[in-house]
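The structure follows.
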Amino acid sequence: NGIHCILVIDVISNPAFSETKIITEKGSILCDHNIGLIKQNFTSKWISKKLNMGKVAKGYKGNTGSETLYEDEIKAFLDLVSKKKKYPLSYNDELKILEVLDSIEKSNKMGKKIFIK
């Protein structure tokens with residue numbers, strides 16, 4: 001359908017930063033994960049929304065993104081092991097996520113579209 005994408009993941013930049021930019025013919029979405037701000041423009045006016053970024057882990061610099069996702073994942077695993085709760089994702093859910101990530105890498109290396117079943 002003519003969509004092109006550039007994905008850059010840099011895990012060693014100092015100071016750390018995390019941004020997402022989606023730019024289309026009809027408008028843009030910009031997200032600064034460090035300050036927790038998302039902006040969108042699909043008319044001719046920017047609309048901003050503050051995001052809840054959770055807490056920054058002890059010992060990290062102030063511009064490092066939240067560790068809440070990792071903490072939630074560890075808690076879900078511990079809850080599963082202690083039989084308090086069922087794990088929120090199934091094996092097939094996790095496998096599908098890995099297939100998507102693998103397809104992104106393959107697409108980049110091969111320079112062509114990769115279709116996921």
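The values are calculated or read from the model by the stated rules, or taken from the named source; none is laboratory data. Bear in mind the structure is a predicted one, so any value in this text is a computation, not a measurement. Heads up, the Cβs are rebuilt from the backbone with ideal geometry, glycines too, and the neighbour counts pull from every protein chain shown. We work out accessible area using only protein heavy atoms, side chains counted, and drop any ligands, DNA or RNA first. Shrake-Rupley method; radii C 1.70, N 1.55, O 1.52, S 1.80 Å.
Taking the stretch 22-35 on its own, how many of its residues are out of contact with any Ser or Thr (no Cβ under 7 Å at 6 or more places or on another chain), under 25 Å from ILE114 (Cβ atoms) and either among the basic types (Lys, Arg) or open to solvent by 80 Å² or more (accessible area, probe 1.4 Å) (or both)?
Of all residues in the stretch 22-35, those out of contact with any Ser or Thr (no Cβ under 7 Å at 6 or more places or on another chain) come to 23-30, 32, 35.
Of the ones still in play, those that are also under 25 Å from ILE114 (Cβ atoms) are 23-25, 29.
Now drop any that are not either among the basic types (Lys, Arg) or open to solvent by 80 Å² or more (accessible area, probe 1.4 Å) (or both), which leaves 23, 25.
The number of residues fulfilling the criteria is 2.
A further question follows. Could you pull out the residue among TYR87, TYR91 that is farther than 28 Å from ILE6 by Cα, at pLDDT below 90 and out of contact with any Gly (no Cβ under 8 Å at 6 or more places or on another chain)? If you could, list the steps in order and put the result at the bottom.
Details: TYR91 fails: at pLDDT below 90.
The match here is TYR87.
Hey, another quick one. Which of the residues that make up the stretch 101-114 are assigned to a helix (DSSP H, G or I) and surrounded by 11 or more Cβ atoms within 10 Å (Cβ to Cβ)?
Just the residues of the stretch 101-114 that are assigned to a helix (DSSP H, G or I), to begin with: 101-110.
ASP102, SER103, ILE104, GLU105, LYS106, SER107, ASN108 - these are the residues of the stretch 101-114 that are assigned to a helix (DSSP H, G or I) and surrounded by 11 or more Cβ atoms within 10 Å (Cβ to Cβ).
Looking at (1) open to solvent by 90 Å² or more (accessible area, probe 1.4 Å); (2) part of a helix (DSSP H, G or I); (3) within 22 Å of THR20 (Cβ to Cβ), which is the one condition that is false for LYS75?
The one condition LYS75 does not meet is (3).
Then there's this: Quick one: in the stretch 56-71, which of the residues that are surrounded by 11 or more Cβ atoms within 10 Å (Cβ to Cβ) and over 15 Å from the mean Cα position of the chain (by Cα) is modelled with the lowest pLDDT?
Within the stretch 56-71, the first condition is being surrounded by 11 or more Cβ atoms within 10 Å (Cβ to Cβ), and the residues that meet it are 56-57, 60, 63-68, 71.
After this cut, where a residue has to be over 15 Å from the mean Cα position of the chain (by Cα) as well, the list is 56-57, 60, 63, 71.
Details: VAL56: 68, ALA57: 67, TYR60: 62, ASN63: 53, GLU71: 80.
Applying the filter and picking the extreme gives ASN63.
Of the conditions (1) in contact with a strand residue (DSSP E or B) (Cβ under 9 Å, 6 or more places away or on another chain); (2) modelled with pLDDT under 90; (3) not aliphatic (A, V, I, L, M), GLU25 satisfies every one except a single condition; which number is it?
(1)
Separate question: Do you know which of the residues in the stretch 78-92 that are part of a loop (DSSP other than H, G, I, E, B) and over 30 Å from ILE116 (Cα atoms) is least open to solvent (accessible area, probe 1.4 Å)? First the steps, then the outcome.
Restricting attention to the stretch 78-92, the residues satisfying the condition of being part of a loop (DSSP other than H, G, I, E, B) are 82-90.
Pick out the ones that are also over 30 Å from ILE116 (Cα atoms) and you get 82-85.
Working: SER82: 64, LYS83: 177, LYS84: 154, LYS85: 131 Å².
Restricting to residues being part of a loop (DSSP other than H, G, I, E, B) and over 30 Å from ILE116 (Cα atoms), the top hit is SER82.
Modelled with pLDDT of 85 or more, open to solvent by 60 Å² or more (accessible area, probe 1.4 Å) and either more than 23 Å from ILE12 (Cα to Cα) or among the basic types (Lys, Arg) (or both): does that describe LEU98? Explain how you work it out, then say what you get.
Values: modelled with pLDDT of 85 or more: yes; open to solvent by 60 Å² or more (accessible area, probe 1.4 Å): yes; either more than 23 Å from ILE12 (Cα to Cα) or among the basic types (Lys, Arg) (or both): no.
No: the conditions fail for LEU98.
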